[in-house]
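Worksheet: one structure, shown below.
What follows is calculated from the coordinates using simple rules that are stated; it is not laboratory data. All of these numbers come straight from a predicted model, not from anything done at the bench. Here Cβ is always computed from backbone atoms with ideal geometry, including for glycine, and neighbour counts include all displayed protein chains.
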Ligand code: SIN
Ligand code: CO
């Protein structure tokens, strides 16, 4: 029998989670919390508090500033964009600045995601970054998604309640969804490079121990209701008007106004038959759904369009391509080695090698792109013109 897994483990060389990913997925993922000491040992926080504050002043970034008054347990929540002057007016202690989707703005932050490549990339939502001064906190709460909390710099005290029946009712006197009751069963001080994994629904409370920076890698998990609603809408679109309620062969009505059990059974059967989509319909629908789901920003088509000749000239001169960080991509396999690339809800035939490559973060260089065939390059050009890919200009000699 293998040893039961402790709640706290130490990262090892080649095993940042302290165990192989397969064991993590089998025994921890979506099941229980895990603290990994030294998972990101030697992390040089790829972002300074000043960078984060700068981002929080941008219109397009989603940011919040949370100030706690511990004497009266009052919470003040402000949403960005902020004016720079706000930061000078903050108290010495007990505030936190949080910015979502920082991976979309900062390539070095996005690079942290490479460590999570054992999870489907389309499951990852974003990296939220929080900077807190001593005592800064967002209060005790639960999240509906799995989260990996990476200590970037400084220290944060994390307390969690890992009991299966932990209470999760919210307070109704605060704007934040804070827990009414929180009884921690674990209490840890995380140092830079430590990682705390929490599955959905585990009450937790992090308090800065001196100034600190935390990266939260958050997952996406559509609600079953969202899946069903979107899928049903997609099935409905595919059904012709002529396919309607029919009741050939029914028995004479017995009582005025009654909807009989016989009719209800027939309706259930008709709807179930319509919804039992074949696997190809399901594949395409989910590829479209998941690459549209929770998209915070849409790609802007390129104007004027790049011509095939200009694209080819650029590649010959060493230009590369980088993915628009807001354009979600995923792919599904088709028979005989083919694939379909799903990009922000659209499906494109695409060779598997290119589909897989596009779903990785680093830019594609010209040599890589030239090694693909003409059809692949035509797709890349379409994606450039749709705004899902951008050209990285090579440094040319003058
Ligand atoms: C934080 O970084 O302050 C909060 C993150 C979380 O609790 O999910
Ligand atoms: Co949380």
Practice task
Express in nm, to one decimal, how much length is gained between residue 83 and residue 382 on full extension, taking 0.36 nm for each residue of separation and deducting their alpha carbon distance.
Solution key: 103.8 nm
Fill in the blank from the handout: Listed with the fewest Cβ neighbours within 10 Å leading, 130, 216, 85, 288 appear as 85, 288, 216, 130
Completion exercise
Put in order of increasing Cβ neighbours within 10 Å, starting from the fewest, 64, 32 give 32, 64
Completion exercise
Percent relative contact order for the range 258-398, counting Cα pairs under 8 Å at least six residues apart, stands at 30
Exercise for the section: Work out, in µm²/s and without decimals, the Stokes-Einstein translational diffusion coefficient of the chain at 25 °C, 0.890 mPa s, Rh from Kirkwood over C-alpha pairs. Expected result: 100
Exercise for the section: First measure r as the distance between the Cβ atoms of residue 268 and residue 123, then evaluate 1/(1 + (r/R0)^6) with R0 = 25 Å and state the FRET efficiency to the nearest 0.05. Expected result: 0.15
Completion exercise
Restricting to Cα pairs under 8 Å and 6 or more apart, the percent relative contact order of the range 133-240 works out to 44
Problem - Computed over the chain: relative contact order in percent, which uses C-alpha pairs under 8 Å that are six or more apart - result: 14
Fill in the blank from the handout: Using alpha carbon centers only, the range 188-224 is separated from the range 253-287 by a whole-angstrom value of 43
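Can you compute the helix-only [θ] at 222 nm over the chain? Use -39500 (n - 2.57) per DSSP H run of at least 4 residues, normalise by all residues, nearest 500 deg cm²/dmol.
-7500 deg cm²/dmol
Hey, with R₀ at 56 Å, roughly what FRET efficiency would residue 164 and residue 302 work out to, going by the Cβ-Cβ distance, to 0.05?
After rounding, the FRET efficiency stands at 0.60.
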Handout entry: Order of 94, 72, 141 - criterion: other Cβ atoms within 10 Å of each residue's Cβ, fewest first
Key = 72, 141, 94
